[in-house]
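Down below is the structure, laid out as structure tokens.
Every read-out reported here was derived from the displayed coordinates using simple, explicitly stated rules and does not represent laboratory data. No experiment lies behind these values; they were computed from the predicted model shown. Cβ coordinates were reconstructed from backbone atoms using ideal geometry, including for glycine residues, and neighbour counts include every protein chain displayed.
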Amino acid sequence: MNVWIRLSKTIDLCIRWTGLVCSYLLVPLTLLVVYEVISRSLKHPTIWTFEMSIFFYGAHFMLVAAYGLLCKSHVSIDLVSSRFSKRTNAVLSLICYLLMYFPFIFVLTYFGVSYSVNSWSMLETSWSIWGPPLYPIKTVIPLTAIMLLLQGISEVIKNIDILVRERSAK
């Protein structure tokens, strides 16, 4: 079991590092929005800042999703789970991961990779006048799915560890 716990801790460390690094995407996003507000108030709006802010926001939102899972910041129903034992919560978490989470992640990974590969194959650009390339930002979708898959595996390992420790404590 120690190998699995080490794997879980390694995944957690990588996801924590990635989440912290990607959280700094808010800095250029904020600067872009401030720049656009000032330029609009001076009657000189730009074409590119709106799309760039969407790119930064989308990348930030997607790339910190696994970090949110690690920090348990996603929506959960604590009203119900707080009444159960640690063991019962671990069993319920395992059931939810196996029946809902992983199937969703596999679908997201499959279609995300397909979507990204298609975009790269035609070197897709935006429909706007500015026309920036879209394929780099669409690559974020499968990257996010892979990070969520890894963090989901880590969470399953932690729940199994809770069950094993509870069982051996008896």
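Packing around the peptides 136-144, 46-54, 93-101, 81-89, taken as the average count of other Cβ atoms within 10 Å per residue, puts them in this order, highest first: 136-144, 46-54, 93-101, 81-89. Cα centroids of region 122-167 and region 10-83: 14 Å apart. Per-residue ellipticity at 222 nm computed for the chain from its helices equals -24500 deg cm²/dmol, with DSSP H segments shorter than 4 residues left out and the rest contributing -39,500 (n - 2.57).
Close amide-amide hydrogen proximity is noted between Thr125 and Leu134, each under 5 Å apart and 5 or more residues distant or on a separate chain (H modeled in the peptide plane; Pro and chain starts excluded). Working note: Debye formula, equal point scatterers on the alpha-carbon atoms of the chain, no solvent; log10 I(q)/I(0) at q = 0.20 Å⁻¹ is -1.31. Here the spin labels are modelled as points 7 Å beyond Cα on the Cα-Cβ line, and at Leu31 and Arg165 they lie 4.3 nm apart. Only lysine pairs 8 or more places apart, or on different chains, with alpha-carbon atoms under 17 angstrom apart are counted in region 2-169, and they number 5.
Between 0 and 90 degrees, the angle of helix 102-121 with respect to the longest Cα principal axis of the chain falls at about 30 degrees. Tilt of helix 48-63 relative to the longest C-alpha principal axis of the chain, in degrees (0 to 90, nearest 10)? Roughly 10 degrees, rounded to the nearest 10. With the simple spin-label model, which puts each label point 7 Å out from Cα in the Cβ direction, the Ile95 to Trp130 separation comes to 4.8 nm.
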